[in-house]
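What follows is calculated from the coordinates using simple rules that are stated; it is not laboratory data. Since the structure is predicted, the reported quantities are computational estimates derived from the model, not experimental observations. Note that we place each Cβ from the backbone using ideal geometry, even for glycine, and neighbour counts take in every protein chain shown.
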Amino acid sequence: MIKYELLAEQLVRKNICAEHSFFSPSLISKKDAILTHGENYYDHLVGLTLSKSDQRQIGFPLSEALVHRERTIAQGSIQNTHYALEYGISMNIAGGTHHAYKDQPGAFCMLNDQAVAANYLIENKLAQRVMIVDLDVHQGNGTASIFENNPSVFTLSFHGQKNYPFRKQKSDCDVGFEDGTTDAGYLRELKNKLPKLVDRFEPDFIFYLAGVDVLKNDKLGRLGMTIEGTLRTGIPSTLDEFHDYSVEWEGSDLVYRLDGVEVYRNQGEGDRYPEAMFAILNYAKITDSPMTGEWVMEVDWVKHEKRKSFRN
């Protein structure tokens, strides 16, 4: 699909990824697929012999090319786990097939890539405890069903309460939002719940499913978030709250942190500031509102910190 090519081009254009960072996955093996999916279901899928009822659940005409794409996506997430273990992070720009059940497709999903990759990690003793953080506007019903009785995998789903699927499954933690929910309400829930759940479950590996369908301009999503809100990494702040705000050097980068969490990074910008001292504003009031008219950032105190060198 052309959108995947465009996504890759945009990631390179925005300097988020380098061209040499991309890889082309192979096809998933049956051995790895049936760690998650039923063997009979998988054989019918690959053999293009699914029942008419199951084919209707997919939403696309069943074809060899479609199944090839799905097997590639699933294998991509498996290979992503190895890159993530090596480099700390990896991304599947075609992944997120969270509506696929163990023995049934659903809503454009036939193989549940993150469930497949989670079971792969556990089976191969690369992780013991895996968390799946699903922030797509639709509940990850297939994922919730697959891991319903599996204590090694924790499923978290933030979704539109009145959106598809209309019959929800039970995740380990479900948060359903009403239509029109904005950045403040969504991010408040995320900040309150996610850190506590991570601390309690102590995962070795975390999958994050990022859905842009939470945006206000997605008419089918029904929520009211902004692009700026989705980039806030779950750290809401208002004029009524005090937060620890800092700007620090890491190598040649300038890193901006709110309450100790990185919210923005200027790559290579640190070298533009040769001074040995840099002002760090702490306990600053940050506003979510657009800066129109007169705008004031109130600062309790200002600390100067020496630039830290990370070079040998």
Check your understanding: Does the range 128-236 come out rounded, prolate or oblate, given a ≥ b ≥ c as the square roots of the eigenvalues of its C-alpha gyration tensor, rounded meaning a/c under 1.5 and, failing that, prolate meaning a/b above b/c?
Key -> oblate
**Study point:** Residues Met110, Met225, Met91, Met131 arranged by fewest to most Cβ contacts within 10 Å
**Key:** Met91, Met131, Met225, Met110
Review point. Using a basic spin-label model with each label point 7 Å from the Cα along Cα→Cβ, how many nm lie between Leu231 and Ile2?
Key: 2.6
Check your understanding: How high is the FRET efficiency from Thr182 to Phe108, r the C-beta distance, R0 22 Å, rounded to 0.05?
Key -> 0.20
Revision key, fill the gap. In the neighbourhood of Glu148 defined by beta carbon distances under 11 Å, the net charge of the other residues (Lys, Arg +1; Asp, Glu -1) is +1
Study note, to complete from the structure: Most exposed first, judged by fewest Cβ atoms within 10 angstrom, Thr155, Thr182, Thr81 run Thr182, Thr81, Thr155
Exercise for review: Could you list the trypsin sites (Lys or Arg not before Pro) in the range 137-187 that lie in coil according to DSSP, counting only those with at most 14 other Cβ atoms within 10 Å of their Cβ?
Suggested key: Lys162, Arg167, Lys170
Study note, to complete from the structure: Violations at 24 Å Cα threshold for listed pairs Lys52/Lys216; Lys3/Lys216; Lys30/Lys102; Lys3/Lys125; Lys102/Lys125; Lys162/Lys191 -> Lys52/Lys216; Lys3/Lys125
Exercise for review: Would you please give the FRET efficiency between Lys196 and Glu148, computed as 1/(1 + (r/R0)^6) with r the Cβ-Cβ distance and R0 = 22 Å, to the nearest 0.05?
Suggested key: 0.55
Point to revise | Burial ordering of Val255, Val130, fewest other beta-carbon atoms within 10 Å first | key: Val255, Val130
**Study point:** Three-way shape label, the range 147-205, alpha-carbon gyration tensor, a/c 1.5
**Key:** oblate
Check your understanding: When ranked by the protection proxy of mean other Cβ atoms within 10 Å per residue, highest first, what sequence do the peptides 196-206, 26-36 form?
Key -> 26-36, 196-206
Exercise for review: Quickly work out the Ser26-to-Lys125 label distance, labels modelled 7 Å from Cα along the C-beta direction, and quote it in nm with one decimal.
Suggested key: 2.3
